[in-house]
Amino acid sequence: MTCVVAYFKMLVITKEFDMMNYHNKNIMHIKNVTLRVRDIEKMLDFYANVIGMKILEQTANYYSLGTESGRILVKMVVDEKAEKAARKTGLFHFALLLPSRHDLGVFLNYLIAIDYPLAGASDHDVSEALYLVDPEGNGIEVYADLPNEKWKYTRDGIYMTTVAIDHVSLLEEIGDYEKIPDDTVMGHLHLRVNSINRANALFVEILGFQKSLDYGPSASFVSDGKYHHHLAYNTWNGTANPDLEDHQPGLIAYEINLPVDRENDLVESLDKSKIVYTKEIDGVRLKDINGVEITLSYL
Ligand SMILES: [Fe+2]
């Protein structure tokens, strides 16, 4: 009996380790996003009470939220004068990766129980995803990965598509959803841009993400360490959208984990490219092609 228990414990540990293979300090990945928000009460209610995040830091106009274990996933800067404007570059969605399909099924059952509207639900062949919109219009994906041995590849890269989710079997995953699971990470970030070429020049040629899939001419998916994607960008909303301005709610910053041994290569690439950046004790800061601040941090 002891042997059987030990075997199943080993299986669980192996599964958790697999997921963290793509979101650990040796892999470049998005760690968290910062949103400028107008109505902090509504936003806290959504992120704490619907998504189940814990408030980790709080000052007069700044909040960070994440897992009970202390992993920051979303930061908020309050600007009560912020006013929504349509068709901007910047956030398409940020994506919270749950530890397992069971967690995703429990979350779906919970959303139905509290009657929170879904904006979509898809099977992408590498993952299964639910889509929501927060009270200020920010897109959120909550997803679980299929085991990486099930991911398929074609000549063009990883095989990802969008088909209907198997909601029947997902809803069979029963459990109480009380908070976002402790092992949840920021799985990926998907941006609206005006130029795929300019995005590739920054994210692939300078920062060092690797192409995983070109989805026609209007979207690209990139990653590090052979993940299906840590970052995606599209022009599905056109190629002449203005960037987010001051006093507009939305994505104003994101933090990327930079493996410490890549700092010198990054600085060399930035110097060659003439991109303006600042080097600080904990990493490197620069603006992305939408004018959104990136912190590449190795702590
Ligand atoms: Fe996504």
Open item on the list: Which of the numbered conditions does residue 246 fail, given that it passes all the others? Conditions: (1) within 15 Å of the ligand (Cβ to nearest atom); (2) at pLDDT below 95.
Closed with: (1)
TODO: With the checklist (1) closer than 30 Å to residue 68 by Cβ; (2) in a loop (DSSP other than H, G, I, E, B); (3) away from the ligand (no atom under 16 Å from the Cβ); (4) of a type outside the set (Lys, Arg) in hand, flag the one item residue 227 doesn't pass.
DONE: (3)
- [ ] Inspect all residues belonging to the range 94-106 and state whether any of them is in contact (Cβ under 8 Å) with a residue 60 or more places away in the chain, away from the ligand (no atom under 16 Å from the Cβ), closer than 24 Å to residue 297 by Cβ and assigned to a strand (DSSP E or B).
- [x] no
- [ ] Name the one entry in 253, 219, 232 that is modelled with pLDDT of 95 or more, surrounded by fewer than 23 Cβ atoms within 10 Å (Cβ to Cβ) and within 14 Å of the ligand (Cβ to nearest atom).
- [x] 219
Task: Every pair of residues 6+ apart whose Cβ atoms lie under 8 Å, when the first sits in the range 78-93 and is over 20 Å from residue 62 (Cα atoms) and touching a residue at least 60 places away in the same chain (Cβ under 8 Å) while the second is basic (Lys, Arg) and within 16 Å of the ligand (Cβ to nearest atom) - done: 88/192; 89/192; 90/192; 92/192
Open item on the list: Against the condition more than 21 Å from residue 154 (Cα to Cα), away from the ligand (no atom under 16 Å from the Cβ) and buried (at least 22 other Cβ atoms within 10 Å of the Cβ), how does residue 191 come out, does it pass?
Closed with: no
Task: Filter result (buried (at least 18 other Cβ atoms within 10 Å of the Cβ), more than 16 Å from the ligand (Cβ to nearest atom) and at pLDDT 95 or above) within the range 79-93 - done: 89
Open item on the list: Residues to consider are 106, 74, 33; find the one that is crowded, with 19+ Cβ neighbours inside 10 Å and over 18 Å from residue 186 (Cα atoms).
Closed with: 106
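The values are calculated or read from the model by the stated rules, or taken from the named source; none is laboratory data. Here the structure is a predicted model, which means the values were calculated and not measured. Counting neighbours? That spans all protein chains shown, and the Cβs are built from the backbone with ideal geometry, glycine included.
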